[in-house]
Amino acid sequence: MQTLNLDLADRGYPIYIGINLLDQPELIRKHVCASQVAIVTNETIAPLYLERVAAIFDGYQLSRVILPDGEQFKSLEYLNHIFDQLLAEKHNRTTTLIALGGGVIGDMTGFAAACYQRGVNFIQIPTTLLAQVDSSVGGKTGVNHPLGKNMIGAFYQPQAVLIDIQTLSSLPLRELRAGFAEVIKYGLICDAEFFVWLEENYQKVLQLDPQALTYAIHKSCSIKAEIVEGDEREAGLRATLNLGHTFGHAVETFQGYGNWLHGEAVAVGMVMALDLSRRLGWLTDNEVQRGLDLIEKAGLPIIPPDKLKKETFIELMALDKKVFDGKLRLVLLQEIGRAIVTSNFPMEAFQQTLEAGDQLCR
Ligand code: NAD
Ligand code: GLY
């Protein structure tokens, strides 16, 4: 097992990474301060892992909150289902919520923990690659609103993150690939060496080779931890973690929550960011090609939906949380491994990227 620490004064926590960590009860139990625990999961994950996690809490007052599966249920309505059960089963302020699942469950459980009785403890047990390398770390929690993704939420850090890579063995390949998009993101924004490693090892990671997978997850979490330590509430640097996300959120909202996976939308968004960065003269053709190749070889989409036209893109992107003082800010690349957040780009180049369709990066 490897342990990373996210250092944030009194809100720091360990991130454990290893195989079959769910069979080490003490690892989780030591982060639970009282006898009440509620495991929040969904209908897909419950038959796979719920009882294994429940067994850790033999002798505790344990609730099992099982939500329907899907991004469309990441809403205030279903958040309220968590509160309903916690209240009905008399959970008090010393309870600990356990998020057992992907980013949807992690974001919702974290937000429920932030709100329930003005804040209770929670632990992340991420079971998708995306959640293991990104959403479980850093304390962004929340739900969607019909008018925009992740628009209602809070920064709220967990007590611990427990990453059992064995849980990925049941994850559909499409989901694994979507999570890999976020891994590529780390290489592109701040670690050129890691990007080269990914070019050489992406197949091993996608085939769940334990050594390669552990390395990719550890590297991703340590990059994210370092960024969050420097900028927890996204005043600057943390926004670089959103490479491809502003374009991607527009794609997700246009398609309807859940039709494109988050990581797939981010993949296309990263292609658009590469394209615009080249139009600005910052990236060479070779760098853009390498980015595009890795995204494509990982089996991720590289072309936005045909019907998503420039005007709609602009309208949807205007909802982004990075819009500041009426100006859209984008994460762009100055080279592989160096990202900046800027609103300083010519509108003409931006519009060309939005219109490029299947000619992106070509
Ligand atoms: P998800 O939570 O919907 O999980 C994907 C699918 O895999 C679901 O059907 C789920 O039931 C299933 N699943 C999960 N683990 C499984 C397993 N081990 N075996 C079999 N099936 C399994 O999607 P996701 O990609 O994990 O997360 C996407 C969400 O994360 C989005 O809502 C996005 O906004 C959010 N997100 C948050 C942050 C953050 O910093 N908080 C960062 C990135 C993404
Ligand atoms: N996923 C982006 C962030 O955590 O800031």
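A short reminder: the numbers here are calculations on the coordinates, not readings from a lab. Computed from a prediction, not measured in an experiment: that's the story for all the values here. Here the Cβ positions follow ideal geometry from the backbone for every residue, glycine too, while neighbour counts run over all protein chains shown.
Quick rundown of the values:
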quantity: Residue selected from segment 157-186 under the condition out of contact with any Leu (no Cβ under 6 Å at 6 or more places or on another chain) and of a type in the set (D, E, K, R), by the criterion farthest from residue 6 (Cα to Cα); calculated: 174
quantity: Test result for residue 232, surrounded by fewer than 24 Cβ atoms within 10 Å (Cβ to Cβ) and in contact with a Pro (Cβ under 6 Å, 6 or more places away or on another chain); calculated: no
quantity: Close pairs (6 angstrom Cβ cut-off, 6 or more residues apart or separate chains): within 15 Å of residue 198 (Cβ to Cβ) in segment 215-241, more than 12 Å from ligand 2 (Cβ to nearest atom) and assigned to a helix (DSSP H, G or I) anywhere; calculated: 216/183; 216/205; 217/132; 219/194; 220/183
quantity: Residues (farther than 21 Å from residue 329 by Cβ, outside any helix (DSSP H, G or I) and either among the charged types (D, E, K, R) or free of Cβ contacts under 8 Å to residues at least 12 places away in the same chain (or both)) located in segment 257-308; calculated: 259, 284, 306, 307
quantity: Residue 104 being buried (at least 24 other Cβ atoms within 10 Å of the Cβ), under 10 Å from the mean Cα position of the chain (by Cα), near ligand 1 (Cβ under 8 Å from one of its atoms) and not in a loop (DSSP other than H, G, I, E, B); calculated: yes
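A quick yes/no check of all residues on (1) among the aromatic types (Phe, Trp, Tyr); (2) surrounded by 20 or more Cβ atoms within 10 Å (Cβ to Cβ); (3) in a helix (DSSP H, G or I); (4) on the phi > 0 side of the Ramachandran plot:
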{"site": "3", "(1), (2), (3), (4)": "no, no, no, no"}
{"site": "14", "(1), (2), (3), (4)": "no, no, no, no"}
{"site": "22", "(1), (2), (3), (4)": "no, yes, yes, no"}
{"site": "28", "(1), (2), (3), (4)": "no, yes, yes, no"}
{"site": "34", "(1), (2), (3), (4)": "no, no, no, no"}
{"site": "37", "(1), (2), (3), (4)": "no, yes, no, no"}
{"site": "44", "(1), (2), (3), (4)": "no, no, no, no"}
{"site": "48", "(1), (2), (3), (4)": "no, no, yes, no"}
